[in-house]
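Only the coordinates and a few stated rules stand behind these numbers; no lab work does. Given the structure is predicted, the values throughout are model-derived calculations rather than measurements. Positions of Cβ are generated from backbone atoms using ideal geometry, with glycine treated the same way; all protein chains shown enter the neighbour counts.
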Amino acid sequence: MPEPAIQIEKLTFGYHAGEKALDALDLEVRDGECLGIVGPNGAGKTTLVLTLAGFCMPDSGSVRILGQDLRRENLAGIRARMGFVLQNLDDQLFMPTVLEDVTIGPLKVGLPPAEAEAKAIHLLERMGLAPLANEFPGHLSAGQKRLSTLATALIQDPELLILDEPTLYLDPYARRIFIEQVRPLPHTRLVISHDLEMVLELCTRIVILDHGRIAAAGLPNALLADPALMAAHRLEVPHSLRRPNATAMH
Amino acid sequence: MSCHAALELDHHGRGASPVHGLDPLAKLLAAAGVTLAAISFPKHATGELLPLFLFPALLMALGQVPLRPFFRLLLIGLPFAVMAGVWNIFLDPARVRLPSGVEFSAGWLSFLSILLRYLLTAGTVLALIGTTSFPRLLQAFIRLHAPHAFVQLLNLLYRYIFVLTEEGRALTHAWQLRCPQRRLPDPAVAAGLAGNLFLRTEARSRRIYRAMTLRGYDGTLPFRTHEGWTRRDLLFLLLVLAATAAVRLLPLTQWLGGAALKFPGVQ
């Protein structure tokens, strides 16, 4: 049986003394799966992403990513094997053109410029962004920016893809395009989102995070359709799972 | 308002006119040549500077740069130029006598010269922005071997100046919606808004740095530099530099004035 992509044991982290954003969290992301993490505001979802990225180091407990323990000395190596799509679109694109933004990752790991550029153009073509390759990222629409951030992550051939609120700011059309781009990806994926319909479409398994702990874990169709469970964690049954005459929110 | 003008000019910089198509390095060097010539004239030079205005004027005309944002942005710096030059009127001891016998302080001439130089140099920079997209300008700086840190700073500043302006605008809107009857906030509220903007800026810079780190940022960013330098670009640069040198070294305005005086009826 392959080693889990992420293995978290008794992870505790707090921004201030006495507070626990993550409280003895146990979590496993299996190799090849698409795991959704849902939960109310302040549940610890973003803290978890920051921890996996190595920006927050555990107060106690252990985090093992792609077979390596998360430690400062391992960070560069671990990050090079992961792809991140972060919440804020504008924070993630910082180069003068889309093409340059996408090629940064491979150039930084030593790929020759011509090869990196060819790879980036191929990826941008696949996403329908090729005509925008020489555009300034700040001038793109939210949907185009989101696809660009996905391209910046995918070009590094990550073994693990972490998507933090990827459909935030997107209109329904851009959201649909994004989902269709992510759905066929073979990568192990961790999707953190309030967009429960998207989680339902993409994820093979979900966990509900609340107060820094796992409150429930299971199949999306089962968990997200449970009105009592959802209401207990300030969530709502997605529209597509609502039964007629059933109230979605208690 | 000025932000909107800057955005409009910046947007126009991505146009497709023949001037837009010129190599950005050629335009940058030409603009540098004109600027250097402008600042190298003696302090009382006024009429001699006028032919140099042809450069930004031609760039704008051929690149069809919109005049409204151009002049709006030009006006922003004008008070500073006035402040810098107005003291010359009182401090310059030299006197000037016109052929008609009227005498006045040479400070007026140096004041006018400072204003003209400001209009010329700022106008040249704005014309350059209106005819060259920012990424291409950055590439030109790299090809000039400008310090990498300078290019990176310029890139990040440009990338986020609009984002920060949006933050500032969002804060202002939030205040205006809650105090619709007041045009300007109290000093205490204004200080709070400024502090809030600072904190937002700090949080944003942290997020940006994180995103950069995740993509392997180690203190340097790789920029593309390949741009085709054609005969047309070389010709453009040589023409501008030759014309600028002629304006600087030859008494063109005297010749033109002398020639004009030879026309019947002109005295």
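If you filter region B:3-26 down to residues that are away from chain A (no Cβ under 14 Å) and in contact with a Pro (Cβ under 9 Å, 6 or more places away or on another chain), you find that the one that is surrounded by the most Cβ atoms within 10 Å (Cβ to Cβ) is B:5.
Tell me which helices (runs of 4 or more DSSP H) are completely within region B:184-267 and hold 2 or more residues being among the β-branched types (Val, Ile, Thr) and farther than 30 Å from residue B:21 by Cα, or say none if there are none.
Values: elements: B:187-214, B:231-249, B:252-261.
Qualifying helices (runs of 4 or more DSSP H): B:187-214.
Give the number of residues within region A:4-26 that are under 15 Å from the mean Cα position of the chain (by Cα) and either assigned to a loop (DSSP other than H, G, I, E, B) or closer than 25 Å to residue A:237 by Cα (or both). Total satisfying the criteria: 1.
For region B:99-155, what are the residues that are of a type in the set (A, V, I, L, M, F, W, C) and outside any helix (DSSP H, G or I)?
First pass over region B:99-155, keeping only residues of a type in the set (A, V, I, L, M, F, W, C): B:102, B:104, B:106, B:108-109, B:111-112, B:114-116, B:119-120, B:122, B:125-129, B:134, B:137-138, B:140-142, B:144, B:146, B:149-151, B:153-154.
Listed by number, the residues that qualify are B:102, B:104, B:144, B:146.
Can residue B:253 be described as more than 9 Å from chain A (Cβ to nearest Cβ), surrounded by 14 or more Cβ atoms within 10 Å (Cβ to Cβ) and touching a Cys at 6+ places or on another chain (Cβ under 6 Å)? Taking the combined requirement at face value, the residue does not satisfy it.
Can you name the residue in region A:36-56 that is more than 13 Å from the chain's Cα centre (by Cα) and within 14 Å of another protein chain (Cβ to nearest Cβ) and is also nearest to residue A:69 (Cα to Cα) among such residues? Only one residue fits best here, namely A:54.
Mind checking which residues of region B:162-186 are within 14 Å of chain A (Cβ to nearest Cβ) and either surrounded by 14 or more Cβ atoms within 10 Å (Cβ to Cβ) or closer than 17 Å to residue B:25 by Cβ (or both)? Listed by number, the residues that qualify are B:162, B:163, B:164, B:165, B:167. Among the numbered conditions (1) closer than 27 Å to residue A:6 by Cβ; (2) in a helix (DSSP H, G or I); (3) more than 8 Å from chain B (Cβ to nearest Cβ); (4) of a type outside the set (Ser, Thr, Tyr), the only one that residue A:63 does not meet is (2).
Looking only at region B:1-48, residues that are part of a loop (DSSP other than H, G, I, E, B) and not hydrophobic (A, V, I, L, M, F, W, C) come to 9 in all. The numbered conditions (1) among the β-branched types (Val, Ile, Thr); (2) out of contact with any Leu (no Cβ under 9 Å at 6 or more places or on another chain); (3) in a strand (DSSP E or B) are all true for residue A:162 except (2). For residue A:52, the requirement of being out of contact with any helix residue (DSSP H, G or I) (no Cβ under 6 Å at 6 or more places or on another chain) and crowded, with 23+ Cβ neighbours inside 10 Å is met. Reported count of residues in region B:193-211, each being over 18 Å from residue B:162 (Cβ atoms) and within 12 Å of chain A (Cβ to nearest Cβ), is 3.
Listed here are the helices (runs of 4 or more DSSP H) enclosed by region A:76-157 that have at least 3 residues being more than 8 Å from every other protein chain (Cβ to nearest Cβ): A:98-108, A:113-126, A:142-154.
Among the candidates B:35, B:46, the residue that is surrounded by fewer than 21 Cβ atoms within 10 Å (Cβ to Cβ), among the polar types (S, T, N, Q), under 15 Å from the mean Cα position of the chain (by Cα) and over 30 Å from residue A:140 (Cα atoms) is uniquely B:35. Please find, within region B:150-168, the residue that is farthest from residue A:96 (Cα to Cα) out of those that are charged (D, E, K, R) and in contact with a helix residue (DSSP H, G or I) (Cβ under 8 Å, 6 or more places away or on another chain). Taking the candidates together, the pick is B:167.
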